[in-house]
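**Q** Structure provided below as structure tokens; questions to follow.
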Amino acid sequence: MELNGTIVGRLGTAPKQIGQFGTVNSIDCSEENELLVGELGNWRVRRVTLQPM
């Protein structure tokens, strides 16, 4: 998502398979090109490395 709110891409889909997200309840983007995504429904945290375009 860009700073103005424009969605530029999507990661995964529901439910619990590899590469899919359940109920996302938190996202941390304190490192460049890396997201930590907390999933409440699956009780896990995923690290997602972004590849700049």
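The values are calculated or read from the model by the stated rules, or taken from the named source; none is laboratory data. These numbers were taken from a predicted model, which means no experiment stands behind them. Here the Cβ is made from the backbone with ideal geometry for all residues, glycine too, and neighbour counts use every protein chain on show.
**Q** List every residue pair whose Cβ atoms lie under 7 Å apart, where the two residues are 6 or more positions apart in sequence or sit on different chains, the first residue falls within segment 22-45 and is closer than 17 Å to MET1 by Cβ, and the second residue, located anywhere, is loosely packed, with under 15 Cβ neighbours inside 10 Å and of a type in the set (Lys, Arg).
**A** GLU34/ARG47; LEU36/ARG47
**Q** Within segment 34-43, take every residue that is over 18 Å from GLY9 (Cα atoms) and in contact with a strand residue (DSSP E or B) (Cβ under 8 Å, 6 or more places away or on another chain) and give me the one that is modelled with the lowest pLDDT.
**A** For segment 34-43, the residue satisfying everything is LEU40.
**Q** I would also like to ask the following. Could you tell me which residue of segment 9-33 is modelled with the highest pLDDT, considering only residues that are aliphatic (A, V, I, L, M) and within 10 Å of the chain's Cα centre (by Cα)?
**A** Per the criteria, the residue is ILE27.
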